[in-house]
Each structure stands twice: as C-alpha cells, then as structure tokens.
Amino acid sequence: MGCEPAAPLENALPAPVELADLNPDPNIVEVRLAASVSTAEYLPGKPADVWAFRDASVAGSKGTIPGPTLRAKVGNTVIVHFINELAEPTTVHWHGLRLPNAADGSSSSQSKIEPGASYDYTFTVGDPGSFWYHPHVRGDTQVERGLYAPFIVEGGTAVDVAADRYLVLDDVKLSADGKLSTQTDNLDVMLGRQGNVLLVNGRKLPSLEVASGSRERWRLVNSANGRYFKLSLPGAQLLVVGWDGGLIPEPYKVDSLLIAPGERYELLVTFDGKAGDRLALQTSHYDRGHNVPDPGVKPLMNVVLGAARKSPPLALPTVWRDLPVLAPTTAATAVRRFVLKELETPSGVVFSINDEVWPFNTPVMVKQGDVEIWEVRNEAEMDHPFHLHGMFFEVLEVNGVPETRRGWKDTANVPQARGTTPGILRFAVRYEPLGMWMFHCHILEHAEGGMMGDLMVMP
Ligand code: C2O
Ligand code: CU
Ligand code: CU
C-alpha cells in the first residue's frame with residue numbers, strides 16, 4: 001500500500017464550529033444560541049434524529065454534535081441569547097464557570113425555559129480554561145441526544161503548539177438502523193447509559209493528521225452519560241498540563257489518563273514518530289463497578305503523522321501557573337459529610353445523598369467566605385464522579401491517600417466501596433458566590449435518579 005500524505009484523510013476529524021460573536025466591543029462576546037432538533041450520521045448513510053445546539057445568528061444553521069464552541073478571553077463579558085427550539089423545557093448550564101447564580105442554568109437557579117421561549121445569560125469569565133455547556137433539565141436524555149458543546153476561555157501562560165484542539169468524548173447507543181436506541185435496560189439505569197459506538201467530536205473513529213515532530217494541545221472533556229474513558233496514545237508523549245480549572249502549576253507525564261464524566265484535562269501531546277506513522281487514540285477498561293465485563297481496548301481516533309513541522313516546538317514555559325490556594329484548611333476546619341448510596345426499591349433503583357433523593361432534598365446552608373472540607377463517602381458498588389456548580393475545589397485525599405498534585409477541580413471521582421472500605425473523596429472548598437448551587441453525580445442517570453443536592457451560600 002502506497003502512502004500518500006497529500007491525499008485527504010477519510011473521515012477526518014471535523015473542524016470545530018464556533019459561535020459568531022455579534023458584538024464589535026472586544027470585551028464582549030455576544031452570541032445567539034438555540035437548542036434544536038437535528039440529524040447526525042453516526043453511521044454513514046444512516047441519519048439519526050438528535051437534539052443539538054446551533055448558532056441561531058446564522059439563519060437555517062443546523063445543530064451540530066458537539067454544539068458550536070463558545071470562545072471568550074479572560075475578563076470578557078459573555079451574553080448568550082438562548083432560544084429553546086425543542087418540544088420540551090430546558091436550560092443551559094455552563095459547567096465549571098464561576099458566574100453569578102442567575103446565570104448558572106440549573107433547575108435550582110432559574111425556572112425552566114419553555115418550548116419557544118428565550119432566556120439571556122450574562123456573565124463575566126474570570127478563569128482561563130476548558131469548560132463545556134449542556135442542558136440541566138432531564139440531563140440524562142437531553143445530553144445523551146446530543147446537547148453538549150465546548151466553552152474555551154483563553155488566557156494564562158502561552159504554550160507553543162502546532163494546534164490547539166478540543167476533543168469531546170462521548171458514546172451513543174445505536175440500533176442497527178443508525179438511530180439512537182430507545183431501549184433502556186437495567187444496566188443503563190444502574191450504571192448510566194453506555195453506548196455501543198464511541199465518538200470523538202461526534203464522529204465514530206475519525207482520523208486526524210498531525211505534523212511529525214510537533215506538539216499539540218488537546219483539551220478533553222468526557223460528555224458521556226456514564227462511560228469512563230481511560231485514554232492512551234501509544235507512540236506519543238502525553239503531558240498533563242491542565243485540569244477542570246485550567247492550567248496546573250506542575251505538569252506531569254502519563255501513559256494513560258482516566259476521565260470520568262464531566263471532567264476535563266488538558267494535554268500536551270508530542271509526536272516523535274516519522275511521517276507515515278499511524279497511532280491510535282484508544283480507551284481501555286476501567287472497573288467502575290457492578291462487575292461490568294472488560295470489553296478490551298477500543299480505538300477512538302486514528303492519528304496519522306504527516307510531514308514534519310518546519311521548525312521544532314519552542315521550549316516549554318518554566319512557570320505554568322501561580323495558582324493561589326483557594327481554600328486553606330487547618331486542623332480546625334469544619335468537615336461536612338456526604339454519603340452516596342444506591343437503593344434497589346420495588347419501583348427501581350434510587351440514588352441518594354445523605355439518604356435524601358433529589359428533588360425531595362433539603363438544601364445545605366452555608367456562609368459565604370467560609371472554608372470547609374467535604375468528605376464524600378461512596379457506599380454504592382460503583383464509582384460516582386462528584387460535581388459542584390459555581391466554584392472550584394481542591395482535592396485533599398482519595399481513600400485516605402493525600403493528593404500531592406495541585407490544581408482546581410469542579411468534578412472528581414469518588415471510588416466505589418470495596419469490601420469493608422467505603423470509597424472516600426475529601427476536598428476543600430471556599431464558599432464564594434451567593435445563591436443556590438447544585439452538586440451531583442455526573443453520571444446523568446444517577447443525578448436525575450436522585451443523586452443531586454443543593455448548596456445555599458448565604459451572606
Ligand atoms: Cu455538567 Cu450540573 O453539570
Ligand atoms: Cu456543572
Ligand atoms: Cu453516580
């Protein structure tokens with residue numbers, strides 16, 4: 001087989017679509033966004049009916065999966081004129097952003113946006129990083145059907161890279177006709193729906209050409225309802241440079257990277273091979289509970305090394321980020337305890353936090369400015385990625401093992417209970433923004449099934 005680097009790649013990773021900024025003021029990003037019905041060809045020639053975000057400033061534009069990227073710079077004011085073109089109520093949540101409560105887009109911070117209705121979100125972005133947006137009403141259904149999109153806040157230390165990409169990881173459960181399966185089995189309910197087709201930026205096994213000898217920045221988010229991705233890319237070097245809350249002070253090398261639903265990581269990927277080499281971005285099994293069998297290593301994306309970049313990458317920065325401690329703790333810091341449980345009831349599985357099942361929960365009341373430690377104990381037989389809206393936290397310990405790396409997180413995995421050891425995540429948080437903020441498991445079936453709570457930050 002001859003290798004023709006000039007020929008276009010088959011099923012090339014699509015270039016991202018970005019929301020058009022309608023405001024000439026360089027400090028304001030103003031966009032029109034709609035949630036709409038659309039179609040996607042997950043399997044060639046077999047369109048599926050999906051729900052997707054589209055740029056409503058472009059007449060007749062089609063919703064895409066992922067939705068159009070919202071790009072802003074640190075300090076910008078973002079105005080989103082949102083319109084709901086779905087046949088059911090929705091909201092838009094800006095996952096990971098620190099913003100005023102009225103703009104958080106959860107069902108605890110605003111009323112649902114009815115079909116045909118509009119809502120304006122206005123907020124200022126203060127933290128550079130890789131975020132994402134998605135609905136917060138019937139998340140298990142609305143996100144699964146395709147409503148999710150990247151949100152990039154530019155700023156911070158510049159890194160010399162040949163490309164800066166946002167890779168959104170997902171999976172879909174398709175029937176043979178290429179449509180989204182309407183079958184929900186017990187495992188979907190218990191573990192969060194796992195698909196039979198893996199997606200990178202909405203594509204099944206796309207291909208990407210990169211320059212040999214180059215370095216790229218990959219922003220990763222796991223937008224799947226339930227699947228954990230354990231990524232590897234044999235033949236390339238992976239350096240973790242960012243977490244949920246942007247760049248971290250001390251990047252570290254990895255061979256594989258676990259990404260739980262809702263989490264983001266930023267990698268610098270260096271391709272040392274020669275032109276013509278083919279690498280595979282793949283995901284391997286992670287035992288997240290309930291004895292799910294190991295399906296083996298699955299490919300996600302083909303990476304083809306093309307011609308070398310003209311000049312080698314510049315040296316890496318020596319200072320990545322001077323990251324303030326958000327929530328300094330002492331031996332006297334109050335510890336707030338949360339227990340995650342799954343209960344089989346005659347009417348199905350119920351998921352709870354401190355024995356309360358959302359929406360029949362009592363808000364946790366706290367005082368603005370206070371620092372507390374959250375101890376999240378997992379008494380269920382599976383992992384739960386725990387997410388807090390509106391603020392970042394700092395992980396202190398997982399199962400009693402101190403976290404030695406520093407970085408800001410808004411979502412972190414709470415490992416399953418094994419034998420007599422419950423899985424325990426401890427993190428420190430400072431309650432900053434006023435209002436009602438949600439916290440929940442980011443396995444969306446678990447969240448909608450009750451594993452969700454409210455945190456009321458009072459003056
Ligand atoms: Cu990404 Cu409350 O969620
Ligand atoms: Cu969120
Ligand atoms: Cu969960």
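General remarks:
- Condition met for K367 (surrounded by 16 or more Cβ atoms within 10 Å (Cβ to Cβ) and not aromatic (F, W, Y)): no
- In summary, strands (runs of 3 or more DSSP E) completely within the stretch 196-307 and bearing 1 or more residues that are on the phi > 0 side of the Ramachandran plot and of a type outside the set (A, V, I, L, M, F, W, C) occur at 246-254.
- Odd one out for L147 among (1) assigned to a loop (DSSP other than H, G, I, E, B); (2) more than 16 Å from ligand 2 (Cβ to nearest atom): (2)
- Answer residue from the stretch 328-355, given it is surrounded by fewer than 16 Cβ atoms within 10 Å (Cβ to Cβ) and of a type in the set (D, E) and is farthest from ligand 2 (Cβ to nearest atom) among those: E344
- Pick from the stretch 404-435, criterion β-branched (V, I, T) and not in a strand (DSSP E or B), ranking: least open to solvent (accessible area, probe 1.4 Å): T404
- Tally, over the stretch 17-54, of residues that are in a loop (DSSP other than H, G, I, E, B) and buried (at least 18 other Cβ atoms within 10 Å of the Cβ): 3
- The number of residues in the stretch 56-77 being within 20 Å of the chain's Cα centre (by Cα) and assigned to a strand (DSSP E or B) comes to 6.
- Failed item in (1) touching a Lys or Arg at 6+ places or on another chain (Cβ under 8 Å); (2) in contact (Cβ under 8 Å) with a residue 60 or more places away in the chain, with E10 passing the rest: (1)
- The set of residues in the stretch 359-398 being within 12 Å of ligand 3 (Cβ to nearest atom), in contact with an Asp or Glu (Cβ under 8 Å, 6 or more places away or on another chain) and not charged (D, E, K, R) consists of A380, M382, P385, H387.
- Counting only residues that are hydrophobic (A, V, I, L, M, F, W, C) and closer than 16 Å to V168 by Cα, the stretch 281-302 holds 3 of them.
- Beta carbons closer than 6 Å, at least 6 apart along the sequence or on distinct chains, pair a first residue in the stretch 86-98 that is in the same structural domain as G129 (by TED's automatic domain parsing) and among the aliphatic types (A, V, I, L, M) with a second that is within 11 Å of ligand 2 (Cβ to nearest atom) and outside any strand (DSSP E or B) for V92/G105.
- Close Cβ contacts (under 8 Å, 6 or more residues apart or on different chains) running from residues in the stretch 193-207 that are over 18 Å from V17 (Cα atoms) to residues that are small (G, A, S) and surrounded by fewer than 18 Cβ atoms within 10 Å (Cβ to Cβ) are absent.
- Where E375 falls short, out of the listed (1) at pLDDT 95 or above; (2) surrounded by 23 or more Cβ atoms within 10 Å (Cβ to Cβ): (2)
- Residue tally, condition within 14 Å of the chain's Cα centre (by Cα) and either open to solvent by less than 10 Å² (accessible area, probe 1.4 Å) or assigned by TED's automatic domain parsing to the domain that holds M391 (or both), over the stretch 121-139: 8
Yes/no matrix, rows are residues, columns are (1) at pLDDT 95 or above; (2) of a type in the set (V, I, T); (3) away from ligand 1 (no atom under 16 Å from the Cβ):
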{"site": "A412", "(1), (2), (3)": "yes, no, no"}
{"site": "P422", "(1), (2), (3)": "no, no, yes"}
{"site": "R426", "(1), (2), (3)": "yes, no, yes"}
{"site": "L434", "(1), (2), (3)": "yes, no, yes"}
{"site": "H442", "(1), (2), (3)": "yes, no, no"}
{"site": "H446", "(1), (2), (3)": "yes, no, no"}
{"site": "L455", "(1), (2), (3)": "yes, no, no"}
{"site": "M458", "(1), (2), (3)": "yes, no, yes"}
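- Just so you know, in the stretch 436-446 the residues that are out of contact with any Gly (no Cβ under 6 Å at 6 or more places or on another chain) and open to solvent by less than 10 Å² (accessible area, probe 1.4 Å) include one that is farthest from ligand 2 (Cβ to nearest atom), and it is H446.
- Qualifying residue in the stretch 394-403 (condition: surrounded by 15 or more Cβ atoms within 10 Å (Cβ to Cβ) and touching a residue at least 60 places away in the same chain (Cβ under 8 Å)): yes
The values are calculated or read from the model by the stated rules, or taken from the named source; none is laboratory data. Since we're looking at a predicted model, the values are computed, not measured. Neighbour counts are summed over all protein chains in view; Cβ atoms, including those assigned to glycine, are modelled from backbone coordinates with ideal geometry. We work out accessible area using only protein heavy atoms, side chains counted, and drop any ligands, DNA or RNA first. Shrake-Rupley method; radii C 1.70, N 1.55, O 1.52, S 1.80 Å.
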